[in-house]
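The block underneath contains the structure these notes are about, expressed in structure tokens.
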Amino acid sequence: MQPPIYLALDVRSVEEAKSLLDNHNLHGVPVKVGMQLFYSEGRRIIEYLKRNQHPIFLDLKLHDIPNTVYEAMRRLAQYEPSIVNVHAAGGSRMIEAAKNGLIGENSQAQLLAVTQLTSTDETMLESELLIEKNMEETVQHYAYVSQQSGADGVVCSVHEVPSIKQTCGLGFTTLTPGIRLQNDGHHDQTRVATPAKAKEAGSDIIVVGRAVTQAKNPKQVYQSIVEEWSNASTTNS
Ligand SMILES: O=c1ccn([C@@H]2O[C@H](COP(=O)(O)O)[C@@H](O)[C@H]2O)c(=O)[nH]1
């Protein structure tokens, strides 16, 4: 079975994605397609990845009025992704609409809601977003509302996983980006953790991007992340 580790394909074109995956022998690994690649390549990248048996997380973080999200989700479902997402800040009616869009297409995709981006820190939460609760309480509440609205899980940082599992149950998926190996730079991320910490906290799925894609030897780094994840023990049992 594949480890639940999605590689963020934050590249500009199908050709770049293909050379990353082919040159480094990353055949069939689960991949995340975000705004950069989807907005430039659309259907072409999805068809390429499906032909090559990559499970796809379509990370487009929909956030709009319920009717628009419903219609958009119906279109995205046709790409047969394994995971899609919306921003939890869109509210319960928007999340329900996203779920209904997937149901309308008999989609098997998991619907996740982004709680607070892993680039956001406590200061930004308070001074820019004017959220008075701390990060953990805010994310926990967004997770609860998302679950009540039909989401299958959330996108959050590793730090909030234990409280989400306590509130929403072990079966509610937590997907955590912001993964860095010990001593790696954080780039624009603020709430980061290692693959081992993610597993120990109870995270179900991790996303790894620049730690792998910007490495001299992407395959070797991807493999070390897989090993670190596999050797760590989880609290989810
Ligand atoms: O809260 C979020 C939601 C999504 N992301 C995405 O994950 C990857 C992380 O890339 P790194 O290079 O490992 O930092 C990226 O595609 C983001 O769009 C996130 O980081 N945080």
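Since every read-out is calculated from the coordinates, none of them should be taken as a lab result. Nothing here was measured: the structure is a model prediction, and the numbers come from that model. Glycine also receives a Cβ, built like all others from the backbone with ideal geometry; neighbour counts cover every protein chain displayed.
What's the ranking of 106-118, 130-142 by average number of surrounding C-beta atoms within 10 Å, highest first? Before the final figure, lay out each step's value.
Details: 106-118: 20.9, 130-142: 16.4.
Final packing ranking: 106-118, 130-142.
Sequence neighbours fewer than 8 away in the same chain don't count; with that in mind, list the lysines whose C-alpha is under 16 Å from Lys32.
Excluding near neighbours in sequence, the set is Lys18, Lys50, Lys61.
Okay, helix-only estimate at 222 nm for the chain: each DSSP H run of n ≥ 4 adds -39500 (n - 2.57), divide by all residues, round to 500 deg cm²/dmol; what do you get? Spell out each step's value before the answer.
Values: 11 runs with 104 residues, N = 237.
Calculated mean residue ellipticity at 222 nm is -12500 deg cm²/dmol.
Give the aspartates and glutamates reachable from Lys99 as a straight Cα distance under 19 Å; neighbours fewer than 8 places away on the same chain don't count.
Cα-Cα hits under 19 Å: Asp59, Asp64, Glu71, Glu80, Asp152.
Along the Cα→Cβ direction, 7 angstrom out, place labels at Gln166 and Ala89. What is the inter-label distance in nm?
In this crude label model, Gln166 to Ala89 measures out at 2.6 nm.
Using a/c under 1.5 as the rounded threshold, could you call the stretch 8-81 rounded, prolate or oblate? The axes a ≥ b ≥ c are square roots of the C-alpha gyration tensor eigenvalues, and prolate needs a/b larger than b/c, oblate otherwise. If you can, show how the numbers build up before the last one.
Values: a/c = 2.55, a/b = 2.01, b/c = 1.27.
Prolate shape, in that a/c is at least 1.5 and a/b is the bigger ratio.
Which of Gly185, Gly209, Gly101 moves most in a GNM of the chain, Cα contacts under 10 Å?
Per the Cα network of the chain with a 10 Å cutoff, Gly185 tops the list.
I need the shape label for the stretch 23-140. Rule: rounded when a/c is under 1.5, else prolate if a/b > b/c, else oblate, with a, b, c from the alpha carbon gyration tensor. Numbers along the way, then the final one.
Values: a/c = 2.44, a/b = 1.47, b/c = 1.66.
Judged from the Cα gyration tensor, the stretch 23-140 comes out oblate (a/c at least 1.5, b/c at or above a/b).
Mind checking the full-extension length gain between Lys50 and Thr234? Use 0.36 nm per residue of separation minus the Cα-Cα distance, one decimal, nm. Walk me through the intermediate numbers first.
Details: separation 184, 0.36 × 184 = 66.24 nm, distance 3.05 nm.
63.2 nm is the gain from fully extending Lys50 to Thr234.
When the chain is treated as a GNM, springs tying every alpha-carbon pair under 10 Å, which of Ile205, Ile164, Ile179 comes out with the largest mean-square fluctuation?
Most flexible of the set in this elastic network: Ile205.
Of Cys168, Cys156, how do they rank once you tally other Cβ atoms within 10 Å and put the fewest first? Walk me through the numbers on the way to the answer.
Numbers: Cys168 20, Cys156 31.
The fewest-first ordering by Cβ neighbours comes to Cys168, Cys156.
Report the FRET efficiency, 1/(1 + (r/R0)^6), for Glu137 and Glu16, where r is their Cβ-Cβ distance and R0 is 41 Å, rounded to 0.05.
Working: r = 40 Å, r/R0 = 0.98.
E(calc), rounded to 0.05, equals 0.55.
Determine the gain in length on full extension of the stretch His63-Glu105; use 0.36 nm per residue of separation and subtract their C-alpha separation, reporting nm with one decimal.
Extending this stretch completely gives an extra 13.1 nm.
For the chain, what does the alpha-carbon gyration tensor say about shape, rounded, prolate or oblate, given a ≥ b ≥ c as the root eigenvalues, a/c under 1.5 as rounded, and a/b over b/c as prolate?
Since a/c reaches 1.5 but b/c is at least a/b, the shape of the chain is classed as oblate.
Mind giving me the FRET efficiency for Met124 and Asn217? R0 is 41 Å, r the Cβ-Cβ distance, nearest 0.05 is fine.
On the way: r = 34 Å, r/R0 = 0.84.
Rounded to the nearest 0.05, the efficiency is 0.75.
Where does each of Tyr48, Tyr6, Tyr79 land when they are ranked from fewest to most other beta-carbon atoms within 10 angstrom?
Numbers: Tyr48 16, Tyr6 26, Tyr79 20.
Result, fewest neighbours first: Tyr48, Tyr79, Tyr6.
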